[in-house]
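All remarks here apply to the structure that follows.
We did not get these values from a lab; they are worked out from the coordinates using the rules stated. No experiment lies behind these values; they were computed from the predicted model shown. With ideal geometry, Cβ positions are generated from the backbone for all residues, glycine too; neighbour counts draw on all protein chains shown.
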Amino acid sequence: MPILSSPANRFSLIADIGGTNTRIALAEGPKLVESTIRRYRNADHGSFGEVLEAFFADEGRHDCIAAGVAVAGPVRDGKAAMTNLDWKLDRDVIRVTTQAETVTLLNDMQAQGHSLGHLHTGALRPLLSGPDGGPHAAQLVVNVGTGFNASPVYNTETGRYVPPSEAGHVSLPVRSEADLALARFVEEVHGFPAVEDVLSGRGLAAIDAWLSRDAGEPRSLSPAQVMAGIQSGEDARARAAGEVFARILGAVTGDLALMHLPFGGICLVGGVARHFAPLLVELGFADAFLDKGRFAGFMKNFRIDAVEDDYAALIGIAAHLDALRQL
Ligand SMILES: Nc1ncnc2c1ncn2[C@@H]1O[C@H](COP(=O)(O)OP(=O)(O)OP(=O)(O)O)[C@@H](O)[C@H]1O
């Protein structure tokens, strides 16, 4: 039985469950209570319920008026199975656990989409400039983290709509013999060459492993090690892997832009995109984004920024949950 709203339960519980990390915070109305923001490694816990217990142990137990949970996986009829983690989520279970009156379970890209316009000043790192599309132009969020996904953000006269997708599981684009060789390498491992198998943390490691195997010097590095090699400027193979990654990210982001026409701008989000952001243009991202034949000029209509705030999805869930409560 949901408890009635009172000063004791004015908070909302906000959670963003990624493939590697879960971020949790309390919110008051549309605003996060900054001092309550916490991040937990999923590998240290067996379920979202356990992470929630850890949060309540750290933060004190709060009865919540509302709960919003975003997951990296498809959501259907209030239930979600995560793509890169063996956890299941159920809106009814969250309702019982939190005692919240209003509960929403959404895809994490929807959460990122709802954060646009609510982020702190300075949270955006400009990558490519473009004209202002006006208040009702569509936007696009593209995530590169443990996994890959994207969502358009439709800002209509009747409100914002952020439909989910599973864009990371579409076919890897192939433009050259090298792309084909990479696709075959990925297919050997996964049985199908999906975008996410290259554009993700493990994807960056896979590109490095592919280049190393072809050079007859096989190695197996973590994504952070490959990134450190790129940043050091002293690891030519890691740099080559970074160039492949940036080029394919540019091509895929360009494909998504043509599908959704985000004249209001594109935001790259997620841990891997954030680590790459300072180097992306130099590594060839922008050239690949613009490389659309006779539509190359048209591609200059889309501004691209990287979101530097690791907690952007939480901001989006809080804003969306508050809007739901106003309906
Ligand atoms: N220094 C680094 N450079 C590049 N990648 C890194 C670095 N450190 C960690 N990673 C990778 O970042 C990924 C985690 O990103 P993020 O924090 O966005 O995860 P998440 O929110 O749990 O993921 P998702 O929402 O995509 O499921 C992992 O694949 C990890 O290997």
I need the phi-derived Karplus couplings for the range 81-86: 6.51 cos²θ - 1.76 cosθ + 1.60, θ = phi - 60°, integer Hz, Gly and Pro marked x.
10, 6, 6, 10, 7, 8
Under the definition of Cα pairs under 8 Å and six or more residues apart, what whole-number percent is the relative contact order of the chain?
22 percent
Measure off 7 Å from each Cα along the Cα-to-Cβ vector at Ser220 and Asp58, then give the distance between these two points in nanometres to one decimal.
3.1 nm
Residue by residue through the range 116-121, which ³J(HN,Hα) values in whole Hz follow from phi under the Karplus form 6.51 cos²θ - 1.76 cosθ + 1.60 (θ = phi - 60°), with glycine and proline marked x?
4, x, 10, 6, 5, 4
Residues in the range 210-228 near a label at Ala236, defined as backbone nitrogen under 19 Å from the 7 Å Cα→Cβ point?
210-220, 226-228
For the chain, take the longest principal axis of its alpha carbons; what is the angle in degrees between that and the long axis of helix 177-190, to the nearest 10 within 0 to 90?
50 degrees
Taking r as the C-beta separation of Glu34 and Arg160 and R0 as 30 Å, the FRET efficiency to the nearest 0.05 is 0.80
Can you give the helix-only mean residue ellipticity at 222 nm for the chain, where every DSSP H stretch with n ≥ 4 adds -39500 (n - 2.57) and the sum goes over all residues, rounded to the nearest 500 deg cm²/dmol?
-11000 deg cm²/dmol
If you project the alpha carbons of the range 71-165 onto their three principal axes, what span does each projection cover, largest first, in Å?
46, 31, 24
Within the P(r) computed for the chain, what percentage of the Cα pairs occupies the region above 33 Å?
27 percent
Sorted by chain and then number, the residues having a modelled amide H within less than 5 Å of the amide H of Leu106, at least 5 places away or on another chain, are Val69, Ala70, Val71
Relative intensity, log₁₀ I(q)/I(0), of the range 124-308 from a Debye sum that treats every alpha carbon as a point, q = 0.08, 0.16 Å⁻¹:
-0.24, -0.95
Expected vector for the range 122-130, Karplus 3J(HN,Hα) from phi with 6.51, -1.76, 1.60 and θ = phi - 60°, integer Hz, x for Gly and Pro, equals x, 7, 9, 9, x, 10, 9, 7, x
Below 8 Å between Cα atoms, with a sequence gap of 6+, how large is the relative contact order for the range 124-308 in percent?
32 percent
